[in-house]
Amino acid sequence: MFCSDEFIRPPRGTIEAMSFIARYYAPSIFMRCGCDAKRRMANFLMNNAIQVTNLRRVYKSYVGVFRRKLKEVEAVKGISFEVAAGELFGILGPNGAGKTTTVKMLTTLLLPTSGTATILGHDVVRDVSALRPRIGFIFGGERGLYWRLSGMDNLKYFSSLYQIDPAVQAKRIPYLLELVGLKERANEKVEGYSRGMKQRLHIARTLLNDPEVMFLDEPSIGLDPVAARDIRRVVRDLRDEKKTILLTTHYMFEADELCKRIAVINKGEIVALDTPANLKRVVQDLSVVELEVKMFTPDALERLKGLPFVDAVTVQEREQNSLVIVQSPRGAEAVSELLAQLNGATVQKVTVREPTLEDAYVRLVEGMDETKKEGAGSK
Amino acid sequence: MFLKYLYAIFAAFKMNFLSLVVDGFFIFATLLMPLIYALIAFGILRDKGAHYGIFVAVGSGLAGLWTTLLFGSGNAITGERWSGTLELIAATPTPMWMIVFGKSLGVILQSLLSMVASYLLGWLVFGYPLGIAQPLEFFLVLFIGLLSFIAFGLMLAPLFLLNPQVQQFQNALEYPVYILCGFLFPIALLPFWTTPLSYILSPYWTARLLQAAAGGTLAWEQLVNESIYILALGGVYILIASVLFRIVLKKARVDATLGLQ
Amino acid sequence: MHQLITNLKLFWQGAALSYVALFSWLRPTTFLASMIIFPLGQILFFTLLGIFATGRDSASFYLIGNAMQITASAGIFGVTMAIGGERWAGTLMYLFGAPANRLTIFAGRATIHIFNGVVQVLMGLAWGLVLGWVSFAHTDPLALGITILIATFSTAALGLLLGCLGLVTLNIMFINNLVYFLLLLFSGANLPITALPQWMQYISWSLPLTRGIAAARFIVDGASLAEVAPLLVGEFFIGVGYLVAGYVLFRIFEIEAKRRGTLEAF
Ligand SMILES: Nc1ncnc2c1ncn2[C@@H]1O[C@H](COP(=O)(O)OP(=O)(O)OP(=O)(O)O)[C@@H](O)[C@H]1O
Ligand SMILES: [Mg+2]
C-alpha cells in the first residue's frame, strides 16, 4: 500500500471552502478507517490544527545515589482536546500540572508514553521532519538564546538553521524585530537585555519560519506587569493574524483576556475545558467573601471549610495579615456566620464581590484535590 | 536545496568562529599549545637535521588541530544544552551533525593559523628551510584532510552525550591520536598490532601525505589513491556520526534529556 | 562557547582530578582515565619522540622526565580547580569571612592532590618499567619516593599560587594550561636544561620540578639521597617560596576586596 504525506495533504487554503460541506460527512467515514493518512485527512476536514487523543507521559527517573530506586511520575494522564485552526487556546494550571510536558510532546521534543497527537495532520511521533518546519515554540525563561550574540545575530543564526532564503531573511528579521519592539536594541548583545526583551526576542525567533501553529509555554513568566502586557500585546497581534496558538500560563487574567477556550489542567488531568465565560459560570451562583484576618489559624481554616454552605477557601499569607477568600452561594448573608467561626481573631476588612475566572480556577483545581483527598481517606 | 544546507553550515561556522577567536582556552589550544609542542619537538629533533623542520611544523599543527576538535566539536552539543538552545536547534530542519560540522569548520579555521605559526617559528627561530616542495599537492591534501578530520571529530559529540563516562576520557584521548597518527614520529616505532588502528584514522593518512608533499616525495599515484581513501574514511565517519546523532536525539525524546532544567 | 569550555575543562580536569579526587578511587572509569591512560599517553608520546630522535638509549631520560612532569596535572589543574571551584560555587565570600586560617583550608585541599600526583608519577614510572624503558636495578626506592614527594609538593605550591590568581582572573583555564605546557618545555622533562638558551635556563631554575626531575634521574641511575640532597633542598624551598607568594597574594586580594567592598565580584 502506498501512503505518503505529500500525496494525501491537499494544498493549503484552496480546499478549505469546499470542505465546509464535506466536514460534516467525511470525518465519520474516514475516522473509521485505520489508515493514519486518512485520519489525518479527517482532521484536516474538521479544520483542527491540533488534535490530542489520550495523551499520556510517564517520567522515569532514578533517585538516591547508592540504592538507586526507580521513580515514576505520571506527568500527563491521558488528556484529549482539539484546537481549531486560527484559534488561541489556553492551558491553565498550577506548577507541576503538566503544561510544559504537554507542550514538549506536541512540539516533538518528547515522546508520549501513550496516546496520539497530530498537528496540522502530522503525527508528532512519526512525521517529525514534516511537522517541525510548520510549528514554532517558546519556553518561558531566559535560556535558549546565545547571550554573547546580538538580538539581530541570534535571529540571523536561527533563520539560517531554518534554511530561510537570505533575501527573505533580510526582509523578515527587521519586520519581526519591529513587531516585538526590539528594533532599537537589535544590535546589542542579548546579555544586556531585560527579561521581557529576551522573551520578546524568543517570540520573534519562533516567528522566523512563519509557523502555522505556535506553542507559547508561559511566555510572561517572571516578567513585571508592564513587560507582561507587552507580551500579551504581541500575542494578541498574532491571534489577529489568524495563527493557531496554544498558550500556557498560570495567570488567569492572561488566559481570560486572550484565549477563546481554556483547558484547566491539574496533576496531569484536564479538569475543565470551555470558554472563559462558561468557566466563570462554574462559580456564577457563588459570591466571594474576602476577609482580612490577623492571626488566622489552621483550625479556623478547618472550621470554615467545614461549614455546609462554603464551597472553597483559599488563604494568601500577607505581611500584616492573611487574606481568606471564601466561595459560597450565600454571599453577603454568609458573612456573619463566617465571622462567628473566626472567634478570637481580629478581622480587619470584609469584602463581598463577584467571582472572577481566578475563582473558577481555584474551585476547579481545589475541588479536584478535595475529591482526591476524600477518595484516599476512605480507603 | 543543497545550497540551503550549505548556507546553514556556513551560519554555524561563522557563529562559532566569531565566538572562538575571543575565547582564552581556544586561543591557547590553537595558537600557543602547538607552538610549545613545536618548540619541544624542534628541540628534541634538532640533531635529526634541517629537513625535519617542515615535518615538525606540519605535525604540531595537526596535533593542535586534534586538540581543538576534541574539545571544540566534542563539546558542541553539551554547550547547546547548557545554553538551552539544544531543543531549539534540534527542531530546525538542519540535521544536528551539519550544525556541528559547521561549528567544527570554525575550529579548524583557527587551527590553520596555528600551522602557519609553527611554520614561522621553525623558519625564524630555528632557521630551518621550510619550503614546501609540492605546494599544489600540499594544499589539496590539506583541504581534503581537514574535511575528513572534522568528520572524525563529529563522532565525538554524540558519543559523549550518550555516555558521560566516555567523556571522562576526553583529556586522555589527546595523546593516543597524536601517537597513532604519526604526527611527530613514524608509526614504525609502535608495536605492529597498533598499525590497523592507524590505518582507520584519516589524520594518519593526511599527515603522511602532507609530509611527503612538503618534502617533495609525493607521487601522483599515491596522492590520488590515498586522497580517495581519506575521503572514503571521512564518509564513513559522517555516516557513523549521523547514526549516533539520530540515536542521541531519539533517546533524548524518550528520556526527556534534550533540555537541562 | 567560552563558558562552556571553561566549564568543561573545569569539570573534566577539575572534577575528574579534584573534587571527586576522594572518590576517584571508587570509580573505575575516572581512575582509568586520569590515573592510567592519561599518564600513559603523555609518556608514550614524548618518549617515542625521544627514541625517534636519539635512539633507544635515551628512553629513560624522557620517561623519567615525563613521569615526573605528570604530577603537574594534579598539582596545577587539580589544585587550581579546588580553589577556583570556590569562585564558581559563590562561596568565596563566606571563606573570606571565616576566622579559620584560609591558607590551611586551601592547603588542605591541595593535600589530596599531592597524593594523587604521587600516584600518577608512580603509575608513569610503572609504565616505563613495563615497557622496558627504565630499570630500577640501582635505585634507592626511599630516595626516589622522597624526591617524588618533594617535587609534587612544590608543583602543588605553584598550583596554589595560580589558584589564588584564578580567584581574580577570568580565564584560569588559559593560565593553567599555559603553565602546564611551559613546565613541559622548561622543566627539563623533554629538553636538557643545558640545551636551552641562557635566558630560558634562568626561568627553568626558578620553576618547581626542574630540580626534582634532575634528582630523579640521578637517583634512578644509582645516586644516593645525600648526593642529590642539594637539589632536593632547592626544590623544597622553591615550593615554600611559591606557597608564601600564594599566601601573600591571597591576603592582598582579601584586604583589597574588603576595602573596596567587592567581595561579591569574586
Ligand atoms: N525530566 C523530568 N523528569 C522527571 N520528572 C519530570 C521531568 N519534567 C517534569 N517532571 C515532572 O512532571 C510533572 C509535570 O511537570 P511540568 O513541567 O509539565 O509542569 P508544568 O505544568 O509545566 O509546571 P510549571 O508551571 O511549574 O512550569 C511535575 O511533577 C514534574 O516534577
Ligand atoms: Mg512549565
Testing the spin-label approximation: label points 7 Å from Cα along Cα→Cβ at B:LEU18 and C:GLN198. State their distance in nm.
5.0
Taking only the alpha-carbon positions of the stretch C:143-223 as identical scatterers, the Debye log10 I(q)/I(0) at q = 0.13, 0.17, 0.22, 0.27 Å⁻¹ comes out as -0.45, -0.73, -1.05, -1.25
Using modelled amide H (1.01 Å from N, peptide plane; none on Pro or chain starts), what sits under 5 Å from the amide H of A:GLU269, excluding residues fewer than 5 places away?
A:LYS77
³J(HN,Hα), Karplus 6.51/-1.76/1.60, whole Hz, each residue of the stretch B:147-163, x for Gly, Pro
4, 5, 5, 4, 4, 4, x, 4, 6, 5, 4, x, 5, 5, 6, 5, 9
Rounded D (µm²/s) - the stretch B:2-260, Kirkwood Rh over Cα pairs, Stokes-Einstein at 4 °C, 1.567 mPa s
69
How big is the stretch B:64-209 by the Kirkwood estimate over distinct Cα pairs, in Å?
16.9
Summed side-chain charge close to C:THR210 - residues other than C:THR210 whose Cβ falls under 12 Å, Lys, Arg +1, Asp, Glu -1
+1
Can you list the aspartates and glutamates whose alpha carbon is less than 16 Å from that of A:LYS156, not counting same-chain residues fewer than 8 positions off?
A:ASP165, A:GLU178, A:GLU188, A:ASP210
Kirkwood hydrodynamic radius for the stretch A:227-363: how many Å is it when counted over pairs of different Cα atoms?
16.7
What value does the stretch A:52-274 have for Rg/Rh, both radii from Cα atoms and Rh as Kirkwood defines it?
0.98
Within 10 Å of each Cβ of B:92-100, how many other protein chain Cβ atoms are there on average?
3
Probe 1.4 Å, all chains present, heavy atoms only: A:CYS259 accessible area in Å², nearest 10, is 10
Here the whole-number average of other chain Cβ atoms within 10 Å per Cβ of A:127-138 is 2
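Quote the charge dipole size of chain B about the Cα centre in Debye, to the nearest 20; the model charges only the Cβ of Lys and Arg (+1) and of Asp and Glu (-1).
Values: 11 positive and 9 negative charges, 84 e Å.
Here chain B has a charge dipole of around 400 debye.
Within the set A:LYS171/A:LYS243; A:LYS69/A:LYS99; A:LYS77/A:LYS104; A:LYS104/A:LYS280; A:LYS183/B:LYS103, which residue pairs have Cα atoms separated by over 23 Å?
Details: A:LYS171/A:LYS243 20 Å; A:LYS69/A:LYS99 26 Å; A:LYS77/A:LYS104 15 Å; A:LYS104/A:LYS280 29 Å; A:LYS183/B:LYS103 28 Å.
Violating the 23 Å Cα-Cα cut-off are A:LYS69/A:LYS99; A:LYS104/A:LYS280; A:LYS183/B:LYS103.
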Could you report the buried accessible area between C and B, both sides summed, computed with a 1.4 Å probe and given in Å² to the nearest 100?
4100
Please work out how much accessible surface B:TRP82 shows to a 1.4 Å probe, ignoring ligands, DNA and RNA, in Å² rounded to 10.
100
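So what is the diffusion coefficient of the stretch B:25-67 in µm² per second by Stokes-Einstein at 25 °C and 0.890 mPa s, using a Kirkwood Rh over Cα pairs?
Numbers: Rh = 10.3 Å.
Roughly 237 µm²/s, to the nearest whole number.
Starting from the Kirkwood Rh over alpha-carbon pairs, what translational D in µm² s⁻¹ does the stretch A:227-299 have by Stokes-Einstein at 25 °C and 0.890 mPa s? Intermediate values should be presented prior to the final figure.
Values: Rh = 14.9 Å.
Result for D is 164 µm²/s.
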Quick one: Cα centre-to-centre distance for the stretch A:221-248 and the stretch B:137-193, in angstrom?
49
Run the 1.4 Å probe and let me know the accessible area of C:THR194, rounded to the nearest 10 Å².
120
Pairwise Lys count, the stretch A:283-378 - Cα closer than 26 Å, eight or more residues apart or different chains:
5
Phi angles of the stretch C:60-75, converted by Karplus (6.51 cos²θ - 1.76 cosθ + 1.60, θ = phi - 60°) into ³J(HN,Hα) in whole Hz with x for Gly and Pro, give 5, 4, 5, 4, 5, x, 6, 4, 5, 5, 4, 4, 5, 5, 7, x
How much space per residue, in cubic angstrom, does the convex hull of the C-alpha atoms of the stretch A:283-378 take up?
102
Protection proxy (average C-beta count within 10 Å per residue), highest first, orders B:247-254, B:154-161, B:85-92, A:303-310 as B:154-161, B:85-92, B:247-254, A:303-310
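The values are calculated or read from the model by the stated rules, or taken from the named source; none is laboratory data. Quantities reported herein were computed from a predicted structural model and do not represent experimental measurements. Neighbour counts are summed over all protein chains in view; Cβ atoms, including those assigned to glycine, are modelled from backbone coordinates with ideal geometry. What goes into the accessible areas is simple: the full protein's heavy atoms, side chains included, and nothing from ligands, DNA or RNA. Shrake-Rupley method; radii C 1.70, N 1.55, O 1.52, S 1.80 Å.
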